[in-house]
Structures are given as C-alpha cells and as structure tokens.
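S.K.: Just dropping this structure here.
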Amino acid sequence: MAIGVTLLALSGCGSSGPEDDPLIVGAASSLRTALAEYQGEEDSLEPVRVSFAGSDLIASQIRQGAGIDVIAAASTADPTALYKDGLAERPVEYARNEVVIAVPTESDIDAIEDLEKPGLDIVIGDDAVPVGTYARKIIGGLPTQTGDAIEQNVRSEEPDVSSITAKLVQGAADAGFIYATDVLSAPEDIKAVEIPETLQPTVVYSAAVVSDSPRPEDAARYIDDLLSGTGAEDLEEAGFLPAP
C-alpha cells in the first residue's frame, strides 16, 4: 500500500469517482511514526494517503482547496479555526502528548536551566506551528532572566517538528523543544530532558473532517478509529497519551 508523505496538489486523482479516490489525510509531522501505515480499521478505508507537514501548512492547504479530507493536527487551534470558518466539521480531540527538551545523548544538559549557558545552539519551531507555540509558552513561564538567556541561544526556528529532530540527530544543534513521542521514534543519537510539570503545556491533538470532502463518512470513520480502534492502538504504541 503506497502512502504519500508530501503535501501535493491533491485534487483530481484521475479515478472514476469519489469512492475510488484515496482518502487524503493531512497529519502533523509528529504523527509520522503512528500513522504512516495506518489505513483505517482493518484497512477498510483503503486507499488512504497520509501527507505529513506542520499543522499550519495543512490548514493553509485546506484553505487553498488542496483536496484534503481529514486534518489531524498537533493542537486544537487549526482545526478549530477551520471549523469556525465553515471549512471543517466540529473537531474531535484524539490524543495528547508532552513537550521535552531533546539533546544529543552525550550532552551534559539535564535541566531546562542549563539552556541558559552562553553559546548554545537551540532549535525551536516557528511561531506558526504548535511545537513552536508550546516552546514559547514554556520559555515565557520561566523567570525573566532565565527566559531571556534561553531566547538569546535560539539559533533556528523550524517549520515542523521533523526539521527540529533532524538538526539534533545531525549534530547541528545542542538542544531543541520537541514532543516526547519524537524522541521515542528517533535514532538513539538523542535523549529527552523532562520539563517541570509546572511549565508543561497542555498538548492536545485534534482532527476534523474537511467540509468539502467527497468522502465525509469515510473521513469520519477514520477519525473515530483514532479514538477507539486500530488507529488508537497505533497512537498508543508510538507513545501518545489518550485524549482528555
């Protein structure tokens, strides 16, 4: 079962009708390990094509009419905004995650305060993607002097969590704010440093059926199965927490 992993111009798949077209799922990059092979309960929704990108880019593609049937985001913000604008059905919360500081395995960084050290190269998500929003919230919750020192060490803002993870694995950064599940699925080149519970943001993933989907029933079934079927099992296996 071939699965696309790049957002494309997805309309017009060249088949004889909507039921023959792939069900197109735009999923947050942090879901790659969990959903790359997931095709719906017992593969009943096949064909399914999952395209991974930042949640904001997926939402932008939907606004441009890219032909996406389901948005599975790493926050509640983008699906909710699409819903309010009449571009998606009411979102459903399907998983939770946690943010961690990822560092190379040999790093001596073992607490968030260690990120103050001058000269460190820290990578975060840009402010349009959930992982970037969460990182800024964490840094903003620190004492002013500590937060300012950490911000001065931020060298790069990436469009999705996969790009942050790649820089860490390649040794191009000393630390980065990513999800706990991304450390679990990454090579053994990086490890997680936990963020204090008082600073940990609420990370809730939500999904929605896109309003102009030609397969709304199948799209709804795909989301339902993320809550209680094989999709939920795949999420759990990848380290995701249950929905609130």
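S.K.: Inspect all residues belonging to segment 131-138 and state whether any of them is touching a Pro at 6+ places or on another chain (Cβ under 6 Å) and either among the aromatic types (Phe, Trp, Tyr) or at positive phi (or both). I'd like the intermediate steps shown before the answer.
M.R.: If we filter segment 131-138 for residues that are touching a Pro at 6+ places or on another chain (Cβ under 6 Å), which is where we start, we get 134, 137.
So of that shortlist, the ones also either among the aromatic types (Phe, Trp, Tyr) or at positive phi (or both) come out as 134.
For segment 131-138, residues touching a Pro at 6+ places or on another chain (Cβ under 6 Å) and either among the aromatic types (Phe, Trp, Tyr) or at positive phi (or both): present.
S.K.: Output the residues belonging to segment 231-242 that are open to solvent by 40 Å² or more (accessible area, probe 1.4 Å) and in contact with a Pro (Cβ under 9 Å, 6 or more places away or on another chain).
M.R.: Matches in segment 231-242: 236 only.
S.K.: So how many residues does segment 145-159 have that are in a helix (DSSP H, G or I) and more than 12 Å from residue 115 (Cβ to Cβ)? If you could, list the steps in order and put the result at the bottom.
M.R.: Quick first cut of segment 145-159, residues in a helix (DSSP H, G or I) only: 145-152.
Within this subset, residues satisfying the condition of being more than 12 Å from residue 115 (Cβ to Cβ) are 145.
Count: 1.
S.K.: Continuing with the same structure: Testing residue 239 on (1) over 17 Å from residue 52 (Cβ atoms); (2) in contact (Cβ under 8 Å) with a residue 24 or more places away in the chain; (3) not basic (Lys, Arg); (4) not in a helix (DSSP H, G or I), one condition comes back false. Which one is that?
M.R.: All conditions are met except number (1).
S.K.: Do you know which residues across segment 93-108 are surrounded by fewer than 19 Cβ atoms within 10 Å (Cβ to Cβ), in a loop (DSSP other than H, G, I, E, B) and not polar (S, T, N, Q)? Give the derivation first.
M.R.: Going through segment 93-108, the residues surrounded by fewer than 19 Cβ atoms within 10 Å (Cβ to Cβ) turn out to be 93, 96, 104-108.
Checking which are in a loop (DSSP other than H, G, I, E, B) leaves us with 105-108.
Listed by number, the residues that qualify are 106, 108.
S.K.: Kindly evaluate residue 186 against the criterion of being closer than 23 Å to residue 35 by Cα and either without any contact (Cβ under 8 Å) to a residue 24 or more places away in the chain or among the charged types (D, E, K, R) (or both).
M.R.: No: the conditions fail for residue 186.
S.K.: Are any residues in segment 119-145 surrounded by fewer than 15 Cβ atoms within 10 Å (Cβ to Cβ) and either more than 25 Å from the chain's Cα centre (by Cα) or among the hydrophobic types (A, V, I, L, M, F, W, C) (or both), and if so, which ones?
M.R.: 119, 143, 144, 145
S.K.: Another one. Go through segment 86-118 and count every residue that is closer than 22 Å to residue 220 by Cα and more than 22 Å from the chain's Cα centre (by Cα).
M.R.: 1
S.K.: Additional query: From the list 120, 142, which one is assigned to a loop (DSSP other than H, G, I, E, B), in contact with an Asp or Glu (Cβ under 7 Å, 6 or more places away or on another chain) and over 26 Å from residue 238 (Cα atoms)?
M.R.: Step by step, each of 120, 142 is checked, and only 120 is assigned to a loop (DSSP other than H, G, I, E, B), in contact with an Asp or Glu (Cβ under 7 Å, 6 or more places away or on another chain) and over 26 Å from residue 238 (Cα atoms).
S.K.: Can you name the residue in segment 6-51 that is assigned to a helix (DSSP H, G or I) and more than 29 Å from residue 204 (Cβ to Cβ) and, of all such residues, is modelled with the highest pLDDT?
M.R.: Per the stated criteria, the residue is 20.
S.K.: Test residue 63 against the stated conditions and say whether it is out of contact with any Lys or Arg (no Cβ under 9 Å at 6 or more places or on another chain), surrounded by fewer than 20 Cβ atoms within 10 Å (Cβ to Cβ) and either within 12 Å of residue 206 (Cα to Cα) or at pLDDT below 95 (or both).
M.R.: no
The values are calculated or read from the model by the stated rules, or taken from the named source; none is laboratory data. Worth saying up front: this structure is predicted, and the values here are computed from it rather than measured. Note: ideal-geometry Cβ built from the backbone for every residue, glycine included; neighbour counts use all protein chains shown. Note: areas computed on protein heavy atoms with side chains; ligands, DNA, RNA excluded. Shrake-Rupley method; radii C 1.70, N 1.55, O 1.52, S 1.80 Å.
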